[in-house]
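Notes to accompany the following structure.
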Amino acid sequence: MSREENRLRIVRRAARELQDGFYVNLGIGIPTMVANHVPDGIDIVLQSENGLLGIGPFPSEAEVDADLINAGKQTVTIQDGGSFFGSHDSFAMIRGGHINLAILGAMQVSATGDLANWMIPGKMVKGMGGAMDLVAGVKKIIVVMDHTSKHGDPKFLPECSLPLTGTNVVDMIITNLGVFRRADHDSPFQLIELAPGVSEEDIANSTTAKYEVALEKA
Amino acid sequence: MDKVVASAAEAVADIPSGATIMAGGFGLCGIPENLIAAIRDAGPSNLTFVSNNAGVDGFGLGMLLATRQVKKMISSYVGENKEFERQFLSGELDVELTPQGTLAERIRAGGAGIPAFYTPTGYGTLVAEGKDVRYFDDQPYVMERGLTADYAIIKAWKGDRHGNLVFRKTANNFNAVMATAAKVTIAEVEELVEPGDLDPNFIHTPGIFVQRVVHGPSFEKRIERRTVRED
């Protein structure tokens, strides 16, 4: 399966976690694509941490407005019922537990839900942006990522080797090989779904974190 | 009361070398572009900037990096600027990376007279190293300090000579909160209006937080990632 097809499947699977009435923050990159796959009948409001609730589609050429961007600095639009606010209010929403769900990318996730997604030692450090605040404050954190690095190294590990974004923060992991979920932050991750054509053994061979197997019927 | 000064040059003329300056904006959105250019022309050096980002090469705070006027940046994300990277890697530029929400809250706290606060953000990470950790209701929190500055340079859509300000769309970002946290807040506005023209119900920043108002002569409003849909 191609990289594009894998990504699309990850994005579609993540979109199934959206619930009606949710306020959702989507990370930059693949998580942003989830906005294009919101299931029918599900009404959500997307938050952008630079100060926008109700992110709309990208603008037409005529609608482009330098004063209206998302956290990835892309030009966007605002939906009817949306609102603008300052960064201090934006992060009160995030840190104060008012956002239901954040979907983020990851370099590594540990068996206990630690997340590393902002820094590789020895490389230029760009900064964590709002990622540390999101994982500390949002009620549910879903990680979407390739199951292994481009060198084939597992990314779901006993312990993260990279600098952490947060400790014990991840609730669900969706990869090109399968889906892991845990009931709460004291419970271990369970493998609940396999991607088409992927076996339990394939997952085991690409994972060094300990996890339980509790496959659900597709 | 009249806080209007004639030009951006006049508004920044007393900023000394070594000053700490908050600069509003997110990426290039809502940055005080006229005031940044005026600081470049006035030439103070060894400046510490508190700003979410560091501009791009040749625009925004990137202009002041090019002229080596910046000694230190307190920011959450600085990845868009090659000159920044060069100066950081060579040790010419000091950088304090702060999570974006912690940065916003440090400024809010500073402006509200709160010297420190506890936040869950960054617990167990590099950001928490050397900082006090306390448990409240069995959850760990990291102590962060409030931030204040000698100056804040901010950008608003509309303002009057009392310093009342209204921001436009997502160009508010850090501007409103930074206005509260500096000894001298300088606001550049796209439209300078008469007192009474702004509906008091819809003022974002009350004039008490603003010391100087400048009607910006022009605004480039450069777009960092122009993204459009196919119709």
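What to note about this one:
- Note on the range A:178-192: among residues that are open to solvent by 30 Å² or more (accessible area, probe 1.4 Å) and touching a residue at least 24 places away in the same chain (Cβ under 8 Å), the one that is farthest from A:Val125 (Cα to Cα) is A:Gln190.
Let's see how each residue does on (1) more than 21 Å from the chain's Cα centre (by Cα); (2) facing another protein chain (nearest Cβ under 10 Å); (3) surrounded by fewer than 17 Cβ atoms within 10 Å (Cβ to Cβ):
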{"site": "B:Leu103", "(1), (2), (3)": "no, yes, no"}
{"site": "B:Arg108", "(1), (2), (3)": "no, yes, no"}
{"site": "B:Gly111", "(1), (2), (3)": "no, yes, no"}
{"site": "B:Pro115", "(1), (2), (3)": "no, no, yes"}
{"site": "B:Thr119", "(1), (2), (3)": "yes, yes, no"}
{"site": "B:Tyr123", "(1), (2), (3)": "yes, yes, no"}
{"site": "B:Glu129", "(1), (2), (3)": "yes, no, yes"}
{"site": "B:Tyr135", "(1), (2), (3)": "yes, no, yes"}
{"site": "B:Asp138", "(1), (2), (3)": "yes, no, yes"}
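- Against the list (1) open to solvent by 30 Å² or more (accessible area, probe 1.4 Å); (2) within 14 Å of chain A (Cβ to nearest Cβ), the condition B:Ala176 fails is (1).
- All strands (runs of 3 or more DSSP E) inside the range A:65-158 with 2 or more residues being in contact with a helix residue (DSSP H, G or I) (Cβ under 9 Å, 6 or more places away or on another chain), more than 11 Å from every other protein chain (Cβ to nearest Cβ) and buried (at least 18 other Cβ atoms within 10 Å of the Cβ): A:101-104, A:140-144
- Within this structure, A:Met33 passes the test of being within 20 Å of the chain's Cα centre (by Cα) and more than 10 Å from chain B (Cβ to nearest Cβ).
- Test for B:Gly79: is it out of contact with any strand residue (DSSP E or B) (no Cβ under 8 Å at 6 or more places or on another chain) and either open to solvent by 30 Å² or more (accessible area, probe 1.4 Å) or modelled with pLDDT of 95 or more (or both): no
- Cβ-Cβ contacts under 6 Å between residues 6 or more apart (or on different chains), taken from a first residue in the range B:81-99 that is facing chain A (nearest Cβ under 8 Å) to a second residue that is assigned to a loop (DSSP other than H, G, I, E, B) and among the charged types (D, E, K, R), are absent.
- Counting only residues that are in contact with a helix residue (DSSP H, G or I) (Cβ under 9 Å, 6 or more places away or on another chain) and in a loop (DSSP other than H, G, I, E, B), the range A:18-43 holds 5 of them.
- Qualifying positions in the range B:183-231 - more than 14 Å from B:Lys155 (Cβ to Cβ), within 20 Å of the chain's Cα centre (by Cα) and open to solvent by less than 40 Å² (accessible area, probe 1.4 Å): B:Val184, B:Gly207
The values are calculated or read from the model by the stated rules, or taken from the named source; none is laboratory data. Everything numeric here is computed off the predicted structure, so don't read it as measured data. So basically every Cβ, Gly included, is an ideal-geometry build from the backbone, and we count neighbours across all protein chains shown. The area values use the complete protein model at the heavy-atom level, side chains included, leaving out ligands, DNA and RNA. Shrake-Rupley method; radii C 1.70, N 1.55, O 1.52, S 1.80 Å.
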